[in-house]
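Single-structure report; data block below.
The values are calculated or read from the model by the stated rules, or taken from the named source; none is laboratory data. The structure displayed is predicted, hence computed values, not measured ones. No Cβ is skipped: glycine too gets one built from the backbone with ideal geometry, and neighbour counts run over all protein chains shown.
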Amino acid sequence: MRLINYLDKLPVHNFHLKLYFTPLKMKIPIPLNYKRHKGFTLLEMMIAIGIIILLAGISVGSYRRYQWSIDYRSALTELDGDIKRAQQVAITNPYPNPSGKPTTYRLESTTTGKEYSIKVYHDNAAVPVAQIKTVKLPNSVLLATTGTMIEFYQTGVPISGMTTTIALKSGNLNLIKNITVTSVGGVVKDKF
């Protein structure tokens, strides 16, 4: 009762501070110039959605370029490793020729440049004795060299006797990196 009497004695300019008690609830009077904001305006929502779409567009493009870069880098590393593997398999020669003639180990590409394989040949025959490995390259990566890319003697030295360069290109990134096999069998990959 004392609180109600005190509030009734407040001056008129503090009317918004007066509390009126009813038996069931308490009411706080709100001045007429006070507006309640519930939610956002349409303009605010459109600006927020526009910013979200802009950021999503930028991030999708960056992510796609990053994915192409990873595909290209892994294909380049795998090709480098497979050249070295063909060279090592040639040295160990797990497929000796029964006639005693030389066995050659080739890294060959398909005509489309989308696949390559390591194959074993006896006497330079047209049909391989064995196929050690086949690799399908990612969509955005192609081999610039098709057919027989490199061929190794059983000593691990290229048959051509010259330095051989195998190029791997990425259409999406506009990149071409080379793997060079020297005449003495050293394998050097371009830095990415």
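Name the residues in the range 139-192 that are in contact with an Asp or Glu (Cβ under 7 Å, 6 or more places away or on another chain) and aliphatic (A, V, I, L, M), would you? Val141, Met149, Ile159, Ile179, Val187, listed by residue number.
Does Ser183 qualify as being surrounded by 17 or more Cβ atoms within 10 Å (Cβ to Cβ) and over 14 Å from Leu107 (Cα atoms)? Criteria not met by Ser183.
Determine whether Thr92 is hydroxyl-bearing (Ser, Thr, Tyr), in contact with a Ser or Thr (Cβ under 9 Å, 6 or more places away or on another chain) and at pLDDT 90 or above. Criteria not met by Thr92.
Taken as a whole, the structure leaves Asp82 outside the set of residues that are farther than 30 Å from Gly61 by Cβ and at pLDDT below 90. Looking only at residues in the range 145-156 that are of a type outside the set (S, T, N, Q) and at pLDDT below 90, the one that is nearest to Asn97 (Cα to Cα) is Tyr153.
Is it fair to say Gly39 is modelled with pLDDT under 95 and part of a helix (DSSP H, G or I)? In short, no.
Of everything listed in (1) hydrophobic (A, V, I, L, M, F, W, C); (2) more than 20 Å from Lys189 (Cα to Cα); (3) at pLDDT 90 or above, the single unmet condition for Ala125 is (3). The sole residue among Thr111, Thr104 that is at pLDDT below 95, surrounded by fewer than 17 Cβ atoms within 10 Å (Cβ to Cβ) and among the β-branched types (Val, Ile, Thr) is Thr111.
Within the range 145-180, the set of residues being surrounded by fewer than 17 Cβ atoms within 10 Å (Cβ to Cβ) and of a type in the set (Gly, Ala, Ser) comprises Gly147, Ser160, Gly161, Ala167, Gly171. Output yes when any residue across the range 152-164 is hydrophobic (A, V, I, L, M, F, W, C), assigned to a strand (DSSP E or B) and under 30 Å from Tyr66 (Cβ atoms), and no when none is. Among the residues of the range 152-164, not one is hydrophobic (A, V, I, L, M, F, W, C), assigned to a strand (DSSP E or B) and under 30 Å from Tyr66 (Cβ atoms), which makes the answer no.
For first residues located in the range 43-69 and under 30 Å from Pro138 (Cα atoms) and surrounded by 10 or more Cβ atoms within 10 Å (Cβ to Cβ), partners that are at pLDDT below 95 and among the aromatic types (Phe, Trp, Tyr) and lie 6+ apart or on another chain with Cβ distances below 9 Å form the pairs Ser69/Phe192. Taken over the range 116-144, the residue count meeting the criterion of being in a loop (DSSP other than H, G, I, E, B) and surrounded by 19 or more Cβ atoms within 10 Å (Cβ to Cβ) is 1.
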